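See below for the structure under consideration.
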Amino acid sequence: MRLLSTNGDGEFSLTEFIDDSIPRYAILSHTWGADQEEVAFKDMMEKTGRNKRGYGKLQFCRERAAGDHLDYFWVDTCCIDKSSSTELSEAINSMFRWYREAAKCYVYLSDVSTSGSIQTGPPSQLAWEAAFQQSRWFTRGWTLQELLAPASVEFYSTDGKLLGDKTSMVRVLQEITGISGRALQGDPLSGFGVDERLSWAAGRKTKRAEDAAYSLLGIFDIHMPLIYGEGKDKALARLQREMQSLQGEGSRSGIAHSYNGPVFNGAISGRYVIPGPQATGGTMNFNFGGDGQR
(Lines give C-alpha, C1' and ligand atoms only; values in the text may rest on other atoms or scores of the structure.)
Protein backbone atom coordinates (compact mmCIF):
# COMPACT_ATOMS: atom_id res chain seq x y z
CA MET A 1 0.00 0.00 0.00
CA ARG A 2 1.41 3.38 -1.02
CA LEU A 3 0.63 6.38 1.15
CA LEU A 4 1.08 10.07 0.55
CA SER A 5 2.87 12.40 2.93
CA THR A 6 4.66 15.72 2.75
CA ASN A 7 8.46 15.83 2.59
CA GLY A 8 10.73 18.46 4.07
CA ASP A 9 10.32 20.68 1.01
CA GLY A 10 6.54 20.69 1.37
CA GLU A 11 6.13 18.45 -1.68
CA PHE A 12 3.97 15.33 -1.83
CA SER A 13 5.84 12.05 -1.69
CA LEU A 14 4.81 8.39 -1.85
CA THR A 15 5.96 5.69 0.55
CA GLU A 16 5.17 2.00 0.18
CA PHE A 17 4.22 -0.01 3.25
CA ILE A 18 3.65 -3.74 3.69
CA ASP A 19 1.00 -5.25 5.96
CA ASP A 20 1.87 -4.69 9.64
CA SER A 21 4.16 -1.75 8.83
CA ILE A 22 1.27 0.40 7.60
CA PRO A 23 0.92 3.49 9.84
CA ARG A 24 -2.34 5.23 10.77
CA TYR A 25 -3.67 7.05 7.74
CA ALA A 26 -6.58 9.02 6.34
CA ILE A 27 -8.29 8.16 3.07
CA LEU A 28 -10.12 10.26 0.47
CA SER A 29 -13.47 9.47 -1.10
CA HIS A 30 -14.50 11.57 -4.09
CA THR A 31 -15.83 11.46 -7.62
CA TRP A 32 -13.39 11.68 -10.47
CA GLY A 33 -13.38 14.43 -13.03
CA ALA A 34 -11.96 13.80 -16.48
CA ASP A 35 -8.90 11.53 -16.31
CA GLN A 36 -6.59 14.27 -17.53
CA GLU A 37 -7.74 16.52 -14.67
CA GLU A 38 -6.75 14.08 -11.91
CA VAL A 39 -3.24 13.74 -10.48
CA ALA A 40 -2.00 10.29 -11.50
CA PHE A 41 0.75 8.02 -10.21
CA LYS A 42 2.91 9.07 -13.16
CA ASP A 43 2.52 12.71 -12.12
CA MET A 44 3.77 11.87 -8.64
CA MET A 45 6.81 10.10 -10.06
CA GLU A 46 7.61 12.96 -12.44
CA LYS A 47 6.79 15.71 -9.92
CA THR A 48 4.12 17.17 -12.18
CA GLY A 49 0.38 17.69 -11.86
CA ARG A 50 0.30 20.92 -9.89
CA ASN A 51 -1.80 22.58 -12.56
CA LYS A 52 -4.42 19.85 -12.64
CA ARG A 53 -7.78 20.46 -11.00
CA GLY A 54 -7.42 17.32 -8.94
CA TYR A 55 -4.34 18.70 -7.19
CA GLY A 56 -6.64 20.67 -4.91
CA LYS A 57 -8.12 17.42 -3.58
CA LEU A 58 -4.67 16.25 -2.53
CA GLN A 59 -4.12 19.53 -0.70
CA PHE A 60 -7.54 19.23 0.93
CA CYS A 61 -6.80 15.71 2.15
CA ARG A 62 -3.36 16.73 3.45
CA GLU A 63 -4.85 19.61 5.46
CA ARG A 64 -7.61 17.47 6.95
CA ALA A 65 -5.17 14.70 7.83
CA ALA A 66 -2.78 17.15 9.49
CA GLY A 67 -5.69 18.49 11.54
CA ASP A 68 -6.32 14.95 12.76
CA HIS A 69 -2.60 14.41 13.53
CA LEU A 70 -2.21 11.91 10.70
CA ASP A 71 1.03 12.06 8.72
CA TYR A 72 -0.13 9.80 5.90
CA PHE A 73 -3.12 9.67 3.59
CA TRP A 74 -4.32 7.71 0.56
CA VAL A 75 -5.88 8.99 -2.67
CA ASP A 76 -6.89 6.51 -5.36
CA THR A 77 -5.93 8.66 -8.34
CA CYS A 78 -2.21 8.68 -7.57
CA CYS A 79 -1.41 5.96 -5.01
CA ILE A 80 -1.97 3.08 -7.46
CA ASP A 81 0.15 2.40 -10.54
CA LYS A 82 -2.72 1.61 -12.86
CA SER A 83 -0.32 0.75 -15.69
CA SER A 84 0.37 -2.50 -13.81
CA SER A 85 -2.56 -4.90 -14.13
CA THR A 86 -1.19 -6.97 -11.25
CA GLU A 87 -1.00 -3.98 -8.92
CA LEU A 88 -4.42 -2.72 -9.98
CA SER A 89 -5.99 -6.11 -9.31
CA GLU A 90 -4.37 -6.35 -5.87
CA ALA A 91 -5.45 -2.80 -5.02
CA ILE A 92 -9.09 -3.32 -6.00
CA ASN A 93 -9.26 -6.59 -4.07
CA SER A 94 -7.77 -4.79 -1.05
CA MET A 95 -9.69 -1.54 -1.30
CA PHE A 96 -12.59 -2.36 1.01
CA ARG A 97 -10.07 -3.32 3.70
CA TRP A 98 -8.04 -0.16 3.10
CA TYR A 99 -11.13 2.00 3.61
CA ARG A 100 -12.20 -0.06 6.64
CA GLU A 101 -8.82 0.30 8.32
CA ALA A 102 -8.44 4.05 7.68
CA ALA A 103 -8.46 6.23 10.80
CA LYS A 104 -10.53 8.82 8.91
CA CYS A 105 -12.36 8.91 5.59
CA TYR A 106 -12.92 12.36 4.12
CA VAL A 107 -15.66 12.64 1.51
CA TYR A 108 -14.97 15.57 -0.80
CA LEU A 109 -18.20 16.67 -2.52
CA SER A 110 -17.25 18.72 -5.57
CA ASP A 111 -20.89 19.60 -6.32
CA VAL A 112 -21.89 20.82 -2.84
CA SER A 113 -21.02 24.36 -1.76
CA THR A 114 -21.74 26.25 1.47
CA SER A 115 -20.71 29.66 0.16
CA GLY A 116 -22.59 32.33 2.11
CA SER A 117 -24.20 29.90 4.54
CA ILE A 118 -22.62 31.44 7.64
CA GLN A 119 -23.81 34.94 6.79
CA THR A 120 -27.29 34.14 5.51
CA GLY A 121 -28.40 31.49 8.00
CA PRO A 122 -30.98 28.73 7.59
CA PRO A 123 -32.12 29.39 3.98
CA SER A 124 -28.57 28.91 2.69
CA GLN A 125 -28.11 25.86 4.88
CA LEU A 126 -31.20 24.33 3.29
CA ALA A 127 -29.66 25.04 -0.10
CA TRP A 128 -26.53 22.99 0.64
CA GLU A 129 -28.64 20.24 2.16
CA ALA A 130 -30.59 19.95 -1.08
CA ALA A 131 -27.34 19.84 -3.06
CA PHE A 132 -26.01 17.20 -0.66
CA GLN A 133 -29.00 14.94 -1.22
CA GLN A 134 -28.57 15.24 -4.99
CA SER A 135 -24.79 14.90 -5.02
CA ARG A 136 -23.27 12.79 -7.74
CA TRP A 137 -21.25 11.02 -5.05
CA PHE A 138 -24.33 8.99 -4.09
CA THR A 139 -24.72 7.70 -7.66
CA ARG A 140 -21.31 6.12 -8.17
CA GLY A 141 -20.55 2.42 -7.86
CA TRP A 142 -17.26 2.69 -5.98
CA THR A 143 -18.50 5.13 -3.34
CA LEU A 144 -20.85 2.50 -1.89
CA GLN A 145 -17.99 0.66 -0.20
CA GLU A 146 -16.38 3.99 0.67
CA LEU A 147 -19.49 4.86 2.65
CA LEU A 148 -19.87 1.50 4.36
CA ALA A 149 -16.33 0.31 5.09
CA PRO A 150 -14.81 3.08 7.26
CA ALA A 151 -15.91 3.61 10.84
CA SER A 152 -15.33 7.37 10.59
CA VAL A 153 -16.69 9.11 7.48
CA GLU A 154 -16.79 12.92 7.31
CA PHE A 155 -18.51 14.89 4.55
CA TYR A 156 -17.00 18.13 3.24
CA SER A 157 -18.22 20.70 0.76
CA THR A 158 -16.16 21.81 -2.22
CA ASP A 159 -15.08 24.82 -0.18
CA GLY A 160 -13.72 22.57 2.55
CA LYS A 161 -16.47 23.03 5.14
CA LEU A 162 -17.43 20.09 7.35
CA LEU A 163 -21.08 19.21 6.73
CA GLY A 164 -21.37 16.32 9.18
CA ASP A 165 -20.31 12.73 9.60
CA LYS A 166 -21.81 9.30 9.04
CA THR A 167 -23.05 9.12 12.62
CA SER A 168 -24.71 12.53 12.84
CA MET A 169 -26.21 12.23 9.34
CA VAL A 170 -27.31 8.58 9.51
CA ARG A 171 -30.99 9.35 8.96
CA VAL A 172 -30.51 11.49 5.87
CA LEU A 173 -27.97 8.98 4.51
CA GLN A 174 -30.51 6.22 4.97
CA GLU A 175 -33.11 8.27 3.09
CA ILE A 176 -30.74 9.03 0.22
CA THR A 177 -29.24 5.57 -0.22
CA GLY A 178 -31.89 3.18 1.08
CA ILE A 179 -29.18 1.50 3.15
CA SER A 180 -30.11 0.13 6.56
CA GLY A 181 -29.15 2.33 9.47
CA ARG A 182 -27.52 -0.68 11.09
CA ALA A 183 -25.24 -1.15 8.09
CA LEU A 184 -24.36 2.55 8.12
CA GLN A 185 -23.54 2.34 11.81
CA GLY A 186 -21.11 -0.52 11.34
CA ASP A 187 -23.01 -3.78 11.71
CA PRO A 188 -21.18 -6.57 9.80
CA LEU A 189 -22.38 -6.69 6.20
CA SER A 190 -22.53 -10.47 6.39
CA GLY A 191 -25.61 -10.01 8.55
CA PHE A 192 -27.55 -8.58 5.60
CA GLY A 193 -29.00 -10.70 2.81
CA VAL A 194 -27.35 -10.76 -0.59
CA ASP A 195 -30.45 -9.33 -2.22
CA GLU A 196 -30.53 -6.43 0.26
CA ARG A 197 -26.87 -5.62 -0.35
CA LEU A 198 -27.44 -5.74 -4.11
CA SER A 199 -30.32 -3.30 -3.70
CA TRP A 200 -27.91 -0.75 -2.22
CA ALA A 201 -26.02 -0.76 -5.52
CA ALA A 202 -29.11 -0.32 -7.71
CA GLY A 203 -28.91 2.78 -9.88
CA ARG A 204 -25.20 3.39 -9.26
CA LYS A 205 -22.89 3.88 -12.22
CA THR A 206 -19.28 3.03 -12.99
CA LYS A 207 -16.94 4.22 -15.72
CA ARG A 208 -15.71 0.75 -16.69
CA ALA A 209 -18.42 -1.80 -17.41
CA GLU A 210 -16.68 -4.54 -15.43
CA ASP A 211 -16.56 -2.34 -12.34
CA ALA A 212 -20.28 -3.03 -11.90
CA ALA A 213 -19.06 -6.33 -10.44
CA TYR A 214 -15.61 -5.35 -9.14
CA SER A 215 -16.98 -2.50 -7.02
CA LEU A 216 -19.06 -5.06 -5.10
CA LEU A 217 -16.21 -7.40 -4.12
CA GLY A 218 -15.76 -5.90 -0.68
CA ILE A 219 -19.50 -5.67 -0.06
CA PHE A 220 -19.65 -9.48 -0.34
CA ASP A 221 -16.16 -10.20 1.07
CA ILE A 222 -15.08 -11.82 -2.19
CA HIS A 223 -11.69 -11.80 -3.89
CA MET A 224 -11.28 -12.65 -7.54
CA PRO A 225 -8.98 -11.76 -10.46
CA LEU A 226 -9.85 -8.73 -12.56
CA ILE A 227 -10.23 -9.17 -16.30
CA TYR A 228 -10.86 -5.78 -17.87
CA GLY A 229 -12.24 -6.36 -21.33
CA GLU A 230 -14.40 -9.33 -20.32
CA GLY A 231 -17.49 -7.12 -20.19
CA LYS A 232 -20.07 -6.50 -17.49
CA ASP A 233 -22.05 -9.69 -18.07
CA LYS A 234 -19.10 -12.04 -17.65
CA ALA A 235 -17.76 -10.10 -14.66
CA LEU A 236 -21.14 -10.31 -12.91
CA ALA A 237 -21.44 -13.99 -13.76
CA ARG A 238 -18.03 -14.66 -12.19
CA LEU A 239 -19.11 -12.71 -9.12
CA GLN A 240 -22.22 -14.91 -8.87
CA ARG A 241 -20.11 -18.07 -9.11
CA GLU A 242 -17.89 -16.83 -6.30
CA MET A 243 -20.99 -16.24 -4.17
CA GLN A 244 -22.24 -19.74 -4.89
CA SER A 245 -18.79 -21.18 -4.15
CA LEU A 246 -18.81 -19.57 -0.72
CA GLN A 247 -22.27 -21.02 -0.12
CA GLY A 248 -21.01 -24.47 -1.07
CA GLU A 249 -18.00 -24.20 1.24
CA GLY A 250 -20.30 -23.25 4.09
CA SER A 251 -22.50 -26.29 3.46
CA ARG A 252 -19.54 -28.70 3.36
CA SER A 253 -18.13 -27.33 6.61
CA GLY A 254 -21.48 -27.57 8.37
CA ILE A 255 -21.72 -23.79 8.68
CA ALA A 256 -25.13 -22.44 7.80
CA HIS A 257 -25.03 -19.62 5.25
CA SER A 258 -28.22 -18.26 3.84
CA TYR A 259 -27.67 -17.53 0.17
CA ASN A 260 -30.70 -16.01 -1.48
CA GLY A 261 -28.81 -13.94 -3.98
CA PRO A 262 -29.33 -13.16 -7.64
CA VAL A 263 -30.24 -15.86 -10.12
CA PHE A 264 -29.07 -15.04 -13.64
CA ASN A 265 -31.26 -16.57 -16.34
CA GLY A 266 -29.60 -16.60 -19.72
CA ALA A 267 -27.66 -13.55 -20.84
CA ILE A 268 -27.20 -10.92 -18.17
CA SER A 269 -28.50 -7.59 -19.39
CA GLY A 270 -28.67 -5.58 -16.21
CA ARG A 271 -32.02 -6.98 -14.98
CA TYR A 272 -31.63 -9.56 -12.25
CA VAL A 273 -34.10 -11.96 -10.70
CA ILE A 274 -34.06 -11.66 -6.91
CA PRO A 275 -35.74 -14.45 -4.94
CA GLY A 276 -38.41 -13.13 -2.61
CA PRO A 277 -39.04 -14.25 0.98
CA GLN A 278 -41.71 -16.73 -0.13
CA ALA A 279 -39.74 -17.86 -3.18
CA THR A 280 -42.08 -15.76 -5.25
CA GLY A 281 -39.20 -13.81 -6.66
CA GLY A 282 -39.00 -10.30 -7.93
CA THR A 283 -36.97 -8.17 -10.28
CA MET A 284 -34.53 -5.37 -9.73
CA ASN A 285 -33.06 -3.07 -12.35
CA PHE A 286 -29.39 -2.20 -12.05
CA ASN A 287 -28.17 0.80 -13.99
CA PHE A 288 -24.42 0.29 -14.15
CA GLY A 289 -23.90 2.54 -17.13
CA GLY A 290 -20.56 3.77 -18.42
CA ASP A 291 -20.53 7.54 -18.52
CA GLY A 292 -16.81 8.12 -18.81
CA GLN A 293 -16.25 8.91 -15.14
CA ARG A 294 -15.62 6.98 -11.94
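List, largest first, the extents of the alpha carbons of region 29-102 along their principal axes, each in whole Å.
33, 30, 22
If you take the beta carbon distance between SER115 and GLU90 as r and set R0 to 30 Å, what does 1/(1 + (r/R0)^6) give as a FRET efficiency, to the nearest 0.05?
After rounding to 0.05, the efficiency reads 0.15.
Round to a whole number: what % of the accessible area of region 1-128 belongs to carbon and sulfur, probe 1.4 Å?
Summing carbon and sulfur atoms, their accessible area is 47 percent of the total for region 1-128.
Assuming a ≥ b ≥ c are the square roots of the Cα gyration tensor eigenvalues, decide whether region 144-213 counts as rounded (a/c under 1.5), prolate (otherwise, with a/b larger than b/c) or oblate.
oblate
What net charge do the residues around GLU87 carry, taking every other residue with its C-beta under 15 Å from that of GLU87, with Lys and Arg at +1 and Asp and Glu at -1?
Neighbour charge sum, excluding GLU87 itself: -1.
Would you mind counting up the charge near LYS104? Only other residues with Cβ under 13 Å from its Cβ, with Lys and Arg at +1 and Asp and Glu at -1.
Net local charge, LYS104 excluded: -2.
Under 9 Å from the Cβ of GLU37, count the other residues' Cβ atoms, weight Lys and Arg +1, Asp and Glu -1, and hand me the total.
Local charge sum for GLU37: 0.
With every protein chain left in place, what is the accessible area per residue of region 43-180 in square angstrom, probe 1.4 Å?
47 Å²
Kindly rank 45-52, 213-220, 31-38, 17-24 from highest to lowest mean number of other beta carbons found within 10 Å of each residue.
Ranked from most to least packed, the peptides come out as 213-220, 31-38, 45-52, 17-24.
Starting from the Cα of GLU101, step 7 Å toward the Cβ, then list every residue of region 54-84 with an amide N under 18 Å from that point.
The answer is 70-76, 79-81, whose backbone nitrogens lie closer than 18 Å to the label point.
Over the Cα atoms of region 97-204, what Rg and Dmax result, in angstrom?
Using the Cα atoms of region 97-204, the pair Rg, Dmax is 14.3, 46 Å.
Give, in nm to one decimal, the length gained when the segment between ILE18 and GLN174 is fully stretched (0.36 nm per residue of separation minus the Cα-Cα distance).
Between ILE18 and GLN174, full extension yields 52.6 nm more.
Strictly over 19 Å apart at the Cα level, which of LYS205/LYS234; LYS104/LYS207; LYS82/LYS207; LYS42/LYS82; LYS205/LYS232; LYS82/LYS234 would you flag in this model?
LYS104/LYS207; LYS82/LYS234
On full extension of the chain, what length is gained from SER245 through SER83, given 0.36 nm per residue of separation minus the C-alpha to C-alpha distance?
Extra length available between SER245 and SER83 comes to 55.2 nm.
The values are calculated or read from the model by the stated rules, or taken from the named source; none is laboratory data. Since the structure is predicted, the reported quantities are computational estimates derived from the model, not experimental observations. Using ideal geometry, Cβ is built from the backbone for each residue, glycine included, and neighbour counts are taken over all protein chains shown. We work out accessible area using only protein heavy atoms, side chains counted, and drop any ligands, DNA or RNA first. Shrake-Rupley method; radii C 1.70, N 1.55, O 1.52, S 1.80 Å.
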